[in-house]
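Chemist: The following block contains the structure, expressed as structure tokens.
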Amino acid sequence: MSHKRICVYFTMLSLMLMPGFAVDAGAATITGKALFEGQTPVAQPVRMEADPVCLSLHTEPVTTEEVVANPNGTLKNVFVYVKEGLSGKSFPAPTTPVLFDQIGCKYEPHVLGVQVNQPFEILNSDGTLHNVHALAKTNKEFNIGMPIKGMKIKKQFTAPEVMVKMKCEVHPWMAAYVGVLDHPFFAVSGDDGSFQIKDLAPGNYVLEAWHEKYGTATQNVTI
């Protein structure tokens with residue numbers, strides 16, 4: 001039954017793209033919203049009683065982030081990126097690290113993007129043991145315990161991969177997803193479902209939207 005629900009919702013995940021506008025000479029920005037059609041799912045509670053430290057970090061109930069949908073039909077945590085249209089072009093990796101935090105016994109952010117060979121900084125902001133296990137298939141898998149508050153480690157992904165699942169072997173409710181690309185043209189939909197991809201040159205592109213439960217949707221875009 002669960003597989004059937006995913007298939008149905010997969011067809012209901014869509015992108016609404018608004019025309020790009022000029023940013024500077026020869027570049028444009030694509031803006032849009034990730035939309036969810038159908039009855040808004042009820043977020044499920046996260047049970048943290050197994051770790052008293054985790055439980056003490058929250059005064060309000062914590063819910064899962066697998067589906068964060070709004071009553072107006074917008075969907076958070078959709079990874080949107082240029083899938084086709086950049087062949088033959090290269091983009092140097094930024095030297096600024098992407099921060100991936102373990103805070104409140106949750107991964108933050110839940111969905112994020114990083115470029116190939118860009119520094120990927122993992123932080124433990126909690127006073128309890130955490131673990132970050134990258135279930136990579138194209139990249140090298142890693143599984144690291146982080147027992148100390150304030151502990152940081154730096155990693156890199158060396159090949160494109162959409163998506164790499166991150167999980168904690170200590171706290172089974174902790175999961176996140178990382179999109180690894182060889183270019184900077186990606187975004188994650190925010191609280192209101194909106195996203196923005198900046199500085200694309202004129203051309204024909206295929207955008208793909210990825211969601212951890214509802215699958216993928218693609219759309220052709222001409223700038």
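The values are calculated or read from the model by the stated rules, or taken from the named source; none is laboratory data. Since this is a predicted model, take the numbers as computed values, not measurements. For neighbour counting, all protein chains shown are included, and Cβ atoms are generated from backbone atoms with ideal geometry for every residue, glycine included. Accessible surface is based on the protein model in full, side chains and every heavy atom, while ligands, DNA and RNA are left aside. Shrake-Rupley method; radii C 1.70, N 1.55, O 1.52, S 1.80 Å.
Chemist: Before anything else, pin down the relative contact order of the chain: Cα pairs under 8 Å, at least 6 apart, normalised by residue count, whole percent.
Modeler: Result for the chain is 26 percent.
Chemist: Treating the Cα atoms of segment 107-164 as identical point scatterers in vacuum, please give the log10 of the normalised Debye intensity I(q)/I(0) at q = 0.15, 0.21, 0.23 Å⁻¹, two decimals.
Modeler: Computed log10 I(q)/I(0) values: -0.45, -0.86, -1.01.
Chemist: Give the percent of DSSP beta bridges with both residues in segment 60-129 that are antiparallel, rounded to the nearest 5.
Modeler: 45
Chemist: Calculate the spin-label point distance for I144 paired with T29, positioning each point 7 Å from the Cα along the beta-carbon direction, and give it in nanometres.
Modeler: Inter-label distance under the simple model: 3.4 nm.
Chemist: Report the Cα-based extents of the chain along its three principal axes, largest first, to the nearest Å.
Modeler: Principal extents (Cα only, largest first): 53, 42, 30 Å.
Chemist: Among G73, H133, S194, pick out the residue whose Cα is farthest towards the positive end of the charge dipole of segment 59-196, where Lys and Arg carry +1 and Asp and Glu carry -1 on C-beta, about the Cα centre.
Modeler: Farthest towards the positive pole: H133.
Chemist: Over the heavy atoms of I153, what accessible area does a 1.4 Å probe trace out, to the nearest 10 Å²?
Modeler: Counting only protein heavy atoms, I153 exposes about 30 Å² to solvent.
Chemist: Give me the percent of accessible area attributable to carbon and sulfur for the chain, probe 1.4 angstrom.
Modeler: About 54 percent, which is the carbon plus sulfur part of the accessible surface.
Chemist: Identify which of V53, V162, V114 has the largest mean-square fluctuation in a Gaussian network model of the chain, with springs joining Cα atoms closer than 10 Å.
Modeler: Its mean-square fluctuation being the largest, the pick is V53.
Chemist: I would also like to ask the following. Any idea what the dipole of the chain comes to, in debye rounded to 20, about its Cα centre with Lys/Arg Cβ at +1 and Asp/Glu Cβ at -1? Kindly include the intermediate steps, with their values, before the conclusion.
Modeler: Numbers: 18 positive and 21 negative charges, 77 e Å.
Dipole about the Cα centre, nearest 20: 380 debye.
Chemist: Continuing with the same structure: What Kirkwood radius, in Å to one decimal, follows from the Cα pairs of segment 135-181?
Modeler: 11.9 Å is the Kirkwood radius here.
Chemist: Rounded, prolate or oblate: pick one for segment 69-137, where a ≥ b ≥ c are the square roots of the eigenvalues of its C-alpha gyration tensor, a/c under 1.5 means rounded, and failing that, prolate if a/b is larger than b/c, else oblate.
Modeler: Because a/c hits 1.5 or more and a/b fails to exceed b/c, segment 69-137 counts as oblate.
Chemist: Could you work out how far the C-alpha centroid of segment 26-98 sits from that of segment 169-192, in angstrom?
Modeler: Each part's Cα centre sits 6 Å from the other's.
Chemist: Going by alpha carbons, how many degrees (0 to 90, nearest 10) lie between the helix axis of 2-12 and the longest principal axis of the chain?
Modeler: 30
Chemist: Once every DSSP H run of n ≥ 4 in the chain is given -39500 (n - 2.57) and the sum is divided by its residues, what mean residue ellipticity at 222 nm do you get, rounded to the nearest 500 deg cm²/dmol?
Modeler: It comes out at -2000 deg cm²/dmol, rounded to the nearest 500.
Chemist: If you count only protein heavy atoms with a 1.4 Å probe, what accessible area per residue comes out for the chain, rounded to a whole Å²?
Modeler: 52
Chemist: Starting from the Cα gyration tensor of segment 135-223, take the square roots of the eigenvalues, sort them a ≥ b ≥ c, and report rounded, prolate or oblate (rounded when a/c is under 1.5, otherwise prolate if a/b is larger than b/c, else oblate).
Modeler: The shape class here is prolate.
Chemist: Classify segment 58-185: rounded, prolate or oblate, from the alpha-carbon gyration tensor (a ≥ b ≥ c, eigenvalue square roots; a/c under 1.5 rounded; otherwise prolate if a/b is larger than b/c)? Don't skip to the end; give the middle numbers.
Modeler: Values: a/c = 2.15, a/b = 1.27, b/c = 1.69.
The shape class here is oblate.
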